[in-house]
1. If you take the residues of region 110-133 that are surrounded by fewer than 18 Cβ atoms within 10 Å (Cβ to Cβ) and among the aliphatic types (A, V, I, L, M), which of them is farthest from the chain's Cα centre (by Cα)?
2. Only one residue in Phe183, Phe170 is out of contact with any Ser or Thr (no Cβ under 9 Å at 6 or more places or on another chain) and at negative phi, so which one is that?
3. Here are some conditions: (1) more than 30 Å from Ala25 (Cα to Cα); (2) open to solvent by less than 60 Å² (accessible area, probe 1.4 Å); (3) charged (D, E, K, R). Glu136 meets all but one. Which one does it not meet?
4. For residues that are out of contact with any strand residue (DSSP E or B) (no Cβ under 7 Å at 6 or more places or on another chain), in contact (Cβ under 8 Å) with a residue 60 or more places away in the chain and open to solvent by less than 60 Å² (accessible area, probe 1.4 Å), scanning just region 14-56, find the one that is farthest from Ala84 (Cα to Cα).
5. Tally the residues that are within 21 Å of Glu144 (Cα to Cα), small (Gly, Ala, Ser) and crowded, with 20+ Cβ neighbours inside 10 Å, restricting the search to region 168-225.
6. Within region 75-113, work out how many residues are free of Cβ contacts under 8 Å to residues at least 60 places away in the same chain and either in contact with a strand residue (DSSP E or B) (Cβ under 6 Å, 6 or more places away or on another chain) or farther than 17 Å from Leu41 by Cβ (or both).
7. Given the options Glu167, Glu136, Glu220, Glu208, name the one that is closer than 29 Å to Arg66 by Cβ and over 17 Å from the mean Cα position of the chain (by Cα).
8. Restricting to region 1-13, name every residue that is open to solvent by 30 Å² or more (accessible area, probe 1.4 Å) and either among the small types (Gly, Ala, Ser) or closer than 12 Å to Phe80 by Cα (or both).
Amino acid sequence: MTDLAGTLLTRLDADFALRRDPERAAAMAAYMRDQFEYFGLPAPAVRAVERSAFAGLPRPTSDDLRAIALACWEREEREFQYAACDYLRKFVAVAGPELVPVLRTLITTKSWWDTVDPLATRVTGDLVRAHPALVETMDAWSTEENMWLVRTALLFQLHYGTATDTERLFEYCARQAGHPDFFVRKAIGWALRHYARTDPAAVRAFVETTPTLSGLSRREAMKHL
C-alpha cells in the first residue's frame, strides 16, 4: 500500500466507524440481499466522510489509485467500496490503460449494480474516452461470460451523448439481446433509453428492427419515445 493510500484508509476507517448506525446498517444489508456489511451511513453521510477524508491530500498517482481501490475492496463494509468508486471518478484523469486490470477486478469482485454502474458509466467510460484504443477492451468485455463485464460494456458510453459510437452501442445490444440475466437486459434498455435523448429516431428504428430484444429491454428503451 502506498503512503497516500494508507493515510486515506486511516481517515476513512476512523470517520466511518464514528458514524456507525447499527439499525440502519441492518436495514441496508437486508435491502442488498445480505450480500454486504454496512456501517449504516446514508449517501449524504458517505459523501461528507469522503470530503473530509480526501481534503488536503496530494493528487494521487496511478499507483495510488490502484492501491486505494484495492484496499477499499478488501474492507468488509460496503461504504469503503462506495468511497473507492467516488475517488476513482474524482481522479480518473490521472489513470491510463494500466488501470483496466484493476477495474476488471473491481467489477467482477463483490459485484452488484451499486458499484458496477458508477465504475462503468463514469470511471470506465471516462478512461475509454481518454484512451480510445481501449474500445477493443470493451469489445472483448461485451462478449464475456461475466454479466457485470457485459453490463459495463453496454453502459460505458452512457454519458457520451453525440460522441456515442452508435454502431458499437447497437452491436453490443443486439449481441446480448437474448441474455438470460435481468441486469444485462435492463442495461440494454437503459443504454438505449439514454441514447434516445440524443438520437430518438435511431433508437426507435433499432428497437423496431431488432425482434430479439427482450420485453424488458424494449420497454425501457421506448419509455420516453
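1. So, considering only residues that are surrounded by fewer than 18 Cβ atoms within 10 Å (Cβ to Cβ) and among the aliphatic types (A, V, I, L, M), the one farthest from the chain's Cα centre (by Cα) is Ala133.
2. Numbers: Phe170 fails: out of contact with any Ser or Thr (no Cβ under 9 Å at 6 or more places or on another chain).
Answer to the selection: Phe183.
3. Result: Glu136 passes all but (2).
4. Going through region 14-56, the residues out of contact with any strand residue (DSSP E or B) (no Cβ under 7 Å at 6 or more places or on another chain) turn out to be 14-15, 17-28, 30-36, 40-56.
Filter once more, keeping what is in contact (Cβ under 8 Å) with a residue 60 or more places away in the chain: 32, 35-36.
Narrowing the set further to residues that are open to solvent by less than 60 Å² (accessible area, probe 1.4 Å) leaves 32, 36.
Values: Met32: 19, Phe36: 15 Å.
Going through the qualifying residues, I end up with Met32.
5. 4
6. 24
7. Values: Glu167 fails: closer than 29 Å to Arg66 by Cβ; Glu220 fails: closer than 29 Å to Arg66 by Cβ; Glu208 fails: closer than 29 Å to Arg66 by Cβ.
The unique qualifying residue is Glu136.
8. The first filter runs over region 1-13 and keeps only residues open to solvent by 30 Å² or more (accessible area, probe 1.4 Å), leaving 1-3, 7, 10-11, 13.
Hits for region 1-13 are Thr10, Arg11, Asp13.
The values are calculated or read from the model by the stated rules, or taken from the named source; none is laboratory data. Fair warning: this is a prediction, and the values are worked out from it, not measured in the lab. Please note: Cβ atoms are built from the backbone with ideal geometry, for glycine as well, and neighbour counts cover all protein chains shown. These area figures cover heavy atoms from the full protein model, side chains too; ligands, DNA and RNA do not enter into them. Shrake-Rupley method; radii C 1.70, N 1.55, O 1.52, S 1.80 Å.
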